Amino acid sequence: MSKHDEALFRFTPAAKTGLAIAAAISLYGVSFGALAVASGLTLGQTVALSALMFTGGSQFAFIGVVATGGAAASAFGGATLLSLRNTIYAVQLKALLNPRGVKKLAAAQLTIDETMATSTVQETAAEQRRGFWITGIACYLGWNIATVIGALLGDFIAEPEALGLDGAVVAAFLGLLWPRLRSREPWALAVVAALITVLIMPPVPAGVPVLVAAAVAVIWGLISARRDRDGGRLSGAEQHGARTRRRNAQ
Amino acid sequence: MSLWMWVLLACAAAYTTKIIGYLVPGSWLSHPVVMRISGTMTVALLAALVAMNTFSDGAGITFDARLGALVAAAAALALRAPFIVVVLTGAAAAAGLRLLGIP
């Protein structure tokens, strides 16, 4: 690979994907800024949430509790619960990118749904890095600028839903998942994970379903690793033999 | 405690959830089973994010224009449309269905 191919800021497929996602997400930032101020937060508090917390679901959860007059402690609890999935993303991203020093501290702040999704689906190390950093920086700038605009000017995007922004977010995550569904096994896993997520969404607090999906992934990975280890690339007869030998050994 | 304190505390907690994942020892991550799980994790997390963003409704689930966006996006992907076209298709489908009166 040449130096040119490894340059971080190049207009590659991963970069385009990241910028498209950042554009959709940033428009939501306007809604966040406007809603936060309407919930009773000051401009400073609103800006602090976007700049320092920088994880959209948690931010909306925090101001949602404040808006309904709930205790600040439960706003804190809801926001933190929703941020727990970022720990899983961070482990994934450490395995891919292994940032060090100051880069690690910056990478942590940029670890969100969008950066995990764009980075982990890329095929090469260079695209994984671009997917993470370009998506992260673009989302961070866009989200924070949009927050200030929304907080100062109010919600001129009266309803993000009327523009179909929520549909854009659904399409973006599906678009990232799609290329991974090349064989039957990932299809089955995706369907199981999605079904479980939908089924447990009503009874459990927001933030928990993604953690359960992660647990499904761990169990699935363990089972398929064991199956590969046991079966390997042996023929059916050899597999049968291996199974018998193991049974005998036990 | 003032609201400001809670804002800063929640921000610190969110950053903690993020940085903790990067402090996992690198040697754990090179284990073959962990690498296998990393692959299944990507698929399961993305599937969960698709499901959540399509059906979530405050405390429960709901079926609305976002489901139309999901179907339209899937159709665009099946036709091998580029990513940006897929995203715009999802937005157009949701916006269009709402114009027709679907919530």
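The values are calculated or read from the model by the stated rules, or taken from the named source; none is laboratory data. For clarity, every value in this text was computed on a predicted model and none was experimentally measured. Positions of Cβ are generated from backbone atoms using ideal geometry, with glycine treated the same way; all protein chains shown enter the neighbour counts.
May I ask you to list the residues in the stretch A:77-108 that are surrounded by fewer than 21 Cβ atoms within 10 Å (Cβ to Cβ), free of Cβ contacts under 8 Å to residues at least 40 places away in the same chain and farther than 19 Å from B:Trp28 by Cβ?
Those that are surrounded by fewer than 21 Cβ atoms within 10 Å (Cβ to Cβ), free of Cβ contacts under 8 Å to residues at least 40 places away in the same chain and farther than 19 Å from B:Trp28 by Cβ: A:Gly77, A:Gly101, A:Val102, A:Lys103, A:Leu105, A:Ala106.
Taking the condition without any contact (Cβ under 8 Å) to a residue 12 or more places away in the chain and more than 20 Å from A:Ile223 (Cβ to Cβ), does B:Val24 pass?
yes
Just checking, does the stretch A:105-123 include any residue being more than 11 Å from chain B (Cβ to nearest Cβ) and modelled with pLDDT under 95?
The answer is yes, given that some residue of the stretch A:105-123 is more than 11 Å from chain B (Cβ to nearest Cβ) and modelled with pLDDT under 95.
Would you list the helices (runs of 4 or more DSSP H) that sit entirely within the stretch A:183-250 and hold 2 or more residues that are at pLDDT 90 or above and exposed (fewer than 15 other Cβ atoms within 10 Å of the Cβ)?
Filter on the stretch A:183-250 gives A:184-200, A:208-231.
One line per residue, one yes/no per condition, for (1) in a helix (DSSP H, G or I); (2) at the interface with chain B (Cβ under 9 Å from one of its Cβ atoms); (3) touching a Phe, Trp or Tyr at 6+ places or on another chain (Cβ under 9 Å):
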site	(1), (2), (3)
A:Gly18	yes, no, yes
A:Ala24	yes, yes, no
A:Val66	yes, yes, yes
A:Gly70	no, no, no
A:Ser74	yes, no, no
A:Thr87	yes, yes, no
A:Gln92	yes, yes, no
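Residue check, A:Ala20 against (1) surrounded by fewer than 21 Cβ atoms within 10 Å (Cβ to Cβ); (2) under 24 Å from A:Val170 (Cβ atoms), all met but one. Which one?
With respect to (1) surrounded by fewer than 21 Cβ atoms within 10 Å (Cβ to Cβ); (2) under 24 Å from A:Val170 (Cβ atoms), A:Ala20 is out only on (1).
Would the stretch A:32-50 turn up any residue that is in a helix (DSSP H, G or I), surrounded by fewer than 23 Cβ atoms within 10 Å (Cβ to Cβ) and in contact with a Cys (Cβ under 8 Å, 6 or more places away or on another chain)?
Yes: the stretch A:32-50 contains one or more residues that are in a helix (DSSP H, G or I), surrounded by fewer than 23 Cβ atoms within 10 Å (Cβ to Cβ) and in contact with a Cys (Cβ under 8 Å, 6 or more places away or on another chain).
Listed residues A:Ala7, A:Ala14; which is surrounded by fewer than 21 Cβ atoms within 10 Å (Cβ to Cβ) and either assigned by TED's automatic domain parsing to the domain that holds A:Val204 or not acidic (Asp, Glu) (or both)?
A:Ala7
Evaluate the stretch A:161-178: report whether one residue or more is more than 9 Å from chain B (Cβ to nearest Cβ), without any contact (Cβ under 8 Å) to a residue 40 or more places away in the chain and over 15 Å from the mean Cα position of the chain (by Cα).
no
Do we find a residue being over 19 Å from B:Ile19 (Cα atoms), surrounded by fewer than 22 Cβ atoms within 10 Å (Cβ to Cβ) and within 14 Å of another protein chain (Cβ to nearest Cβ) anywhere in the stretch A:140-156?
yes
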